[in-house]
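Heads up: the structure comes next, in structure tokens.
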């Protein structure tokens, strides 16, 4: 009878105690991350927001039972706050570290003491963005998890860690180029589980809305050489093109991170084009000086 | 006497135990969703925010009593945290999974043990937006719920699940075209309750404020052919039309998701019109070159 | 002695039990709402944010005492979480339902068991906005409260419910035209307490900053007929007026809800004016074609 | 020994009981507010955000001890949730009332039972803003505190309340002109502690970035009378000045509250200038009609 | 056996008692701050957001044990809420003071009673920004921590406090020029731990996107002197340059704090340039008056 089962289990259970009989041995943790969707990759704040769920598994002998004693029940569910859990957390998040799951979660417990916990989370991680080749950029973002308090000698992460896309919903903006999962033990015995996500931007939207308009303005700039100097429109035309570039620079640079190390090629291109438009203005003004019909009349 | 009733019920009640006598049988859950209002469908973040309440019903034999023993009381109310509840949650939300209801909620309990819980919630769900036919677009958004920890063999959802609009307040922006409710059991025994909402945008606002102004500019563009080449206004006029299109592209594309897979027809249309305005500029410049009265004077 | 009082009261008190001796009778709740200020009426999100406090009163015989037994004490204060409270909540809020008050609140209890609870709250309620006559619009917003779990047969709301402006701080934007409080019992026994607030916008700010500039542009448009066709400024002038209208349409429509059912008259007016400015452009171009001095020279 | 001290104190302590032997007498509370910094005074939302800490002191005879019995210890620290506290709260905040301090705070307790609590808080209070003389405006903002549940006969606030700037960090935007602290008892026995902060804006930034550019445009407007009517630039010039004013009106009014009662002088000034620029336009157009060289030629 | 260890330790442990045998002596706290990354330095709100973790160490004799009695276990982990902790908090934050860590954190405890706590935090601190030399500015930001309730005689901070960059991820925007850590005891016995971070902006991005465009416009302004007065474009050109400066002033000043004490040189420079452009306008207008070919013809 489960009521008995609960009472029997919790009679001698202390959730503060690391669940291993020989306390000099580490508890082994198996971690998998099932990516569900890429919510946002924000170039300005340099953050990646993903949602998905982790599967954490470990053995807690204090929660084991003999099925034959309890009506052949082989699995039960226990509120997550009633059992020992490792303080496995996202280390490179944008916010204060929070506990996984929540107090209404149940963990699944097998009769041999195997505990399975699958917290669904939305993670906002820091991600260093390189916009140099925007909108053809590839971004590599890491989600770093760690067992915050315990060391590898206390809680070890199994190398069978995995990063799965089984339930991944395709993004309209990013292609997942590759993924990687890796477990490392740092100096001092700290374990880091690193999930790497390499993303390639789908450029269609940006070509239509940013690259194409910029190409058009660059093209228009050449029209100035067709306009006859004497018509008087030449300088007005050049000033307007200059302003249009300035507006586009503002729009494009508001989408780029204020990053002084990797300058976006597109940003440099616009600045170069602005300089050319100034040159064009200068030439227009000079030619209007020399070629003005009034000037000739005066002479 | 209710005080006795409470004491009698809770004397042997453990809210951690799945409320069924034969623990090898599933608890059957009946779920209905009463949509109250559509708060927002955000095309940029691709989220749907709705409010409404769920009705969850299940039988908990541990909470049953004999009315004749207790002054013929047939229904009572118990704080939600004092009874067993399934961890029924929104699975495709934008935020971390949260428990339904709150600690101040009461569940209604009948003397036969039928528990009714109606948590009122505001759900923000992911919804893949297709703006191709904007502002004549139809969006299909799913709200996916699941019993997070338990499997179908533990907690099963009755197929009598319903999606009701009885208390729905009409939206000023969207018409509800159709709704659908569906229960499926996935591999591994996970139950998904899917509520689908198909929405059709009411286009009046967007016709007046976006389509009509764009049509006007397209029309104006043709005026350039009326303006006499020699007047000198032709090029200035063409440049201004070009800029106006650029401004409108910016306004319209700020309302569209940066979606590289389904390009909005309206967005393509504006880009095509911009290209035409550049062509127009080129023609204006060329004609001003050949037709300038000064040019003739020079010859 | 109060310590004795506390101990005596709580010796037999169970806050989960509805506080009435005859459990087949309803507890009667008296509710008043003292509006303090209108924080914001947001036309875009269609929400009203107000702050104020509710006064809830009910009788809890379990909390009564005989003053002569306790040093003639006739009133005491008890933390709100230690007594039974109805789950009275805002039903049409923009957010998940939250409990009133907070765990640090005390309720005031009289020796006859009368409990008074005055939670101060900031409510954000949905309010359907009609901007047709903006900035001369009148908005009617409802705050709907309900006893969420209990039905009228369990917890009834007295019809002596009131909506008071005693402590109301005048708003710089809205005049309170009228208020109304009403208690209704719906099918199934659900009680709704409805507080209606009818607000009239003070138009001075909008006349100065929106209506007056629009009137000016409409007036300017007529200046085009004064400008001599031959001066060449006519078309440039018309294009600039067209752009100015487009900019104003953008500014004004960013302040209106994207509501396809009640179109603001001001929005329609601007679109009509834009159409006129296009007509004007067409006339300017045509007249410049026929009246250009160069054209005459050519002939 | 402190362990004994704790045990002895809490053996008979009930934190729900008002800490005074004669329960018909009020507990006297001494309150001081140490302003730390002005975080923001937002004219649009009409809120003032300040940070600082309160010092609350009262006597709780239940927490007194005889130092000679406990190793001459004269002061100890107790977690704030373990003692009685008045529900002293900010009354005119923008958000729901929250408890001061937090569960990790300790209160300092002297052996005579004097309890000192210094919660550090960030307060966002409503403040009616008058922008008439912007950027030379003076704003007077009140922070109103109250003992929410208790009345003056239960918890009284000593008149020795103070508003101190000892630890105030100067603001770059506001000068503190004066401060005031005042305790009043309202009808029904409610005590209000009012801290008034009178702030004067430092105008340098706004002179450079708003007043000076507006003065420049006003000046430019007069240039139109210098431009010879026949040059054709006069109307173009006037239209451009008109647009520049419209842009500035937009920028300035986005910084002002939408307040229909106190119109900012600067806002009125811009509207008047716009009207003048329209008049100028009209004059330009009329003079161009009569003075056009072509016109003369025609005659 | 650890279970015994826990039971033995907590049999006589009261976490409310300052962990020192002689209660007249202070507990000594050792604090180190490991900066992880600079998330944002916001000039408008004058806040610095950093993430990193603190290491706090103190001795709690009540948690000591003899390893030989417990299977030679020398270190254990205890949930942070089960032990005494100093209320060490960030004092100059932008938000209400919050406790470090969280209830799911474990502290590491050595058999000699040494407690180590490493809470990972995201701190948003006030930082007075001086933009005078922007974008070549150097900012000095302080993070001030304090033991909120206890005084130096109760909890003292060791002078061996450190500010480490061992795990610092380089910022794309800021160079860390220097850091400093300092412990001071203020009047009244309050201990302040100050971590100073001196940051130098990397100017490359701002040179390309702000300084260079401004330099270009300044240069363009001189082109007006090349344009022949008679061409009629001179005034149009000058007005356009004037508007471009006004737009740039708006863009640049939206990035600067509204600080009336330290005016940014770049802001003053733009205002000076605007004044020059007005002067230029005036000169253009005057010269057009005197030099207009029509004028000559008239004479």
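The values are calculated or read from the model by the stated rules, or taken from the named source; none is laboratory data. Keep in mind it's a predicted model, so treat the numbers as computed, not measured. Methodologically, a virtual Cβ is constructed for each residue, glycine included, from the backbone with ideal geometry; neighbour enumeration extends over all protein chains shown.
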Hits in segment E:65-102 (condition: closer than 20 Å to residue A:98 by Cα and facing chain A (nearest Cβ under 8 Å))
E:77, E:78, E:79, E:82, E:102
Per-region count, segment B:105-136, residues more than 27 Å from the chain's Cα centre (by Cα), crowded, with 20+ Cβ neighbours inside 10 Å and over 17 Å from residue B:87 (Cα atoms)
1
Using the structure shown, decide if residue E:256 is in contact with a helix residue (DSSP H, G or I) (Cβ under 9 Å, 6 or more places away or on another chain), assigned to a helix (DSSP H, G or I) and not assigned by TED's automatic domain parsing to the domain that holds residue E:38.
no
Return yes when residue B:40 is over 24 Å from residue B:161 (Cα atoms) and free of Cβ contacts under 8 Å to residues at least 24 places away in the same chain and no when it is not.
yes
Note: among E:207, E:220, E:235, just one is at the interface with another protein chain (Cβ under 9 Å from one of its Cβ atoms), surrounded by fewer than 20 Cβ atoms within 10 Å (Cβ to Cβ) and over 21 Å from the mean Cα position of the chain (by Cα), namely E:207
Can residue C:210 be described as in contact (Cβ under 8 Å) with a residue 60 or more places away in the chain and outside the structural domain of residue C:285 (by TED's automatic domain parsing)?
no
Have a look at D:218, D:275, D:233, D:267 and point out the one that is modelled with pLDDT under 80 and not assigned by TED's automatic domain parsing to the domain that holds residue D:142.
D:233
Quick one: in segment B:49-61, of everything that is surrounded by 20 or more Cβ atoms within 10 Å (Cβ to Cβ) and within 14 Å of chain A (Cβ to nearest Cβ), which residue is nearest to the chain's Cα centre (by Cα)?
B:56
For segment E:1-46, give me each residue that is crowded, with 18+ Cβ neighbours inside 10 Å, within 12 Å of chain D (Cβ to nearest Cβ) and closer than 30 Å to residue D:173 by Cα.
E:43, E:46
Taking the criterion of being in contact (Cβ under 8 Å) with a residue 12 or more places away in the chain, within 30 Å of residue A:265 (Cβ to Cβ) and part of a strand (DSSP E or B), would at least one residue in segment E:215-234 satisfy it?
no
Tally the residues that are in contact (Cβ under 8 Å) with a residue 40 or more places away in the chain, outside any loop (DSSP other than H, G, I, E, B) and over 29 Å from residue B:166 (Cβ atoms), restricting the search to segment C:180-204.
3
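Residue-wise test of (1) touching a residue at least 12 places away in the same chain (Cβ under 8 Å); (2) in contact with a helix residue (DSSP H, G or I) (Cβ under 8 Å, 6 or more places away or on another chain); (3) more than 30 Å from residue B:144 (Cα to Cα); (4) assigned to a strand (DSSP E or B).
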residue: A:116; (1), (2), (3), (4): yes, no, no, yes
residue: A:122; (1), (2), (3), (4): yes, no, no, yes
residue: A:129; (1), (2), (3), (4): yes, no, yes, no
residue: A:133; (1), (2), (3), (4): yes, yes, yes, no
residue: A:149; (1), (2), (3), (4): yes, no, yes, no
residue: A:153; (1), (2), (3), (4): yes, yes, yes, no
residue: A:160; (1), (2), (3), (4): yes, no, yes, no
residue: A:163; (1), (2), (3), (4): yes, no, no, yes
residue: A:166; (1), (2), (3), (4): yes, no, no, no
Residue by residue through segment B:247-263, note down the ones that are at the interface with chain A (Cβ under 8 Å from one of its Cβ atoms) and at pLDDT 75 or above.
B:257, B:258, B:259, B:260, B:261, B:262, B:263
